[in-house]
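First the structure, in the form of structure tokens, and then the observations on it.
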Amino acid sequence: MALEARKVTCYRGQNLLFQDLSFCLNAGEALHLVGQNGSGKTTLLEIMAGSFLCETGSFYFQDTELKSDQAIFIGVQKGFKSALTITENLIFWCQVYEADSKNIVKALSYFGLTAFESTFYSDLSTGQKQRLSLARLLLVSRPLWLLDEPFLGLDQKNGEKLKNLCRQHLEKGGLLCVASHGKLGIKAQNLNLRDFYTPNTFGYYEA
């Protein structure tokens, strides 16, 4: 197996989100996180990305503890600066990822953003901002992709581009974890976080 969650328990404040969550993914497999708002889908992705700590349990990649530089997280919060152009923003992310800035040209081209390379982020439409966020997937090669509601704001054409990009990643042996309320259009295991919630005196989940 390539990715394994072992008895992961997580709280937000005093609220229990999930308890003793476990799953396994082999190379080339995808996981679709489902559940109501507030069930912990985004939090689970953040834990795997290394930006949030769980109460107990761990994630393992190829039998060693998962490291943050083995994953790339694309969340609803974009992480771009309004006063910078989209190229300048991607240069910043290349520095964060320690990636070659030459990949920016390919990333912009794939999502149809080449004509906007000198446009300020603040002047982009909602769909263009989402495409720019997803373009970061092409800046660096990491085995685990963590995507939070990646289809929000995408038209059908760019939604298909994203699906094809994910399929290519899986065909190369990559791993994919996606939180989405809609259908993925990609072969994936479903994981309902509500299955790992047990009310107790320490926390209470409200959907």
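The values are calculated or read from the model by the stated rules, or taken from the named source; none is laboratory data. Quantities reported herein were computed from a predicted structural model and do not represent experimental measurements. We place every Cβ from the backbone using ideal geometry, glycine too, and count neighbours over all the protein chains shown.
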Could you say which residue among GLY38, GLY57, GLY50, GLY79 is among the small types (Gly, Ala, Ser) and touching an Asp or Glu at 6+ places or on another chain (Cβ under 7 Å)?
GLY38
Got a number for residues in the range 168-185 being crowded, with 17+ Cβ neighbours inside 10 Å and under 18 Å from ALA27 (Cβ atoms)?
7
Exactly one of SER39, SER82, SER58 is in contact with a helix residue (DSSP H, G or I) (Cβ under 9 Å, 6 or more places away or on another chain) and surrounded by fewer than 14 Cβ atoms within 10 Å (Cβ to Cβ), and that residue is SER82
Going through (1) over 21 Å from the mean Cα position of the chain (by Cα); (2) part of a loop (DSSP other than H, G, I, E, B); (3) not charged (D, E, K, R) one by one, VAL105 fails only at (2)
Counting only residues that are without any contact (Cβ under 8 Å) to a residue 40 or more places away in the chain and out of contact with any Pro (no Cβ under 8 Å at 6 or more places or on another chain), the range 131-164 contains a total of 13
Residue among GLY75, GLY127 that alone is over 22 Å from LYS157 (Cβ atoms), in contact (Cβ under 8 Å) with a residue 12 or more places away in the chain and surrounded by fewer than 19 Cβ atoms within 10 Å (Cβ to Cβ):
GLY75
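Just to be sure, is ASP63 at positive phi, surrounded by fewer than 21 Cβ atoms within 10 Å (Cβ to Cβ) and in contact with a helix residue (DSSP H, G or I) (Cβ under 7 Å, 6 or more places away or on another chain)?
no
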Pairs under 6 Å by beta carbon, first residue within 16 Å of LYS187 (Cβ to Cβ) in the range 12-30, partner among the β-branched types (Val, Ile, Thr) and surrounded by 13 or more Cβ atoms within 10 Å (Cβ to Cβ), six or more apart or different chains?
ALA30/ILE186
Can you name every residue in the range 151-207 that is part of a helix (DSSP H, G or I), out of contact with any Phe, Trp or Tyr (no Cβ under 8 Å at 6 or more places or on another chain) and modelled with pLDDT under 90?
ARG194, ASP195
If we keep only residues of the range 46-83 that are part of a loop (DSSP other than H, G, I, E, B) and among the polar types (S, T, N, Q), then the residue modelled with the lowest pLDDT is GLN77
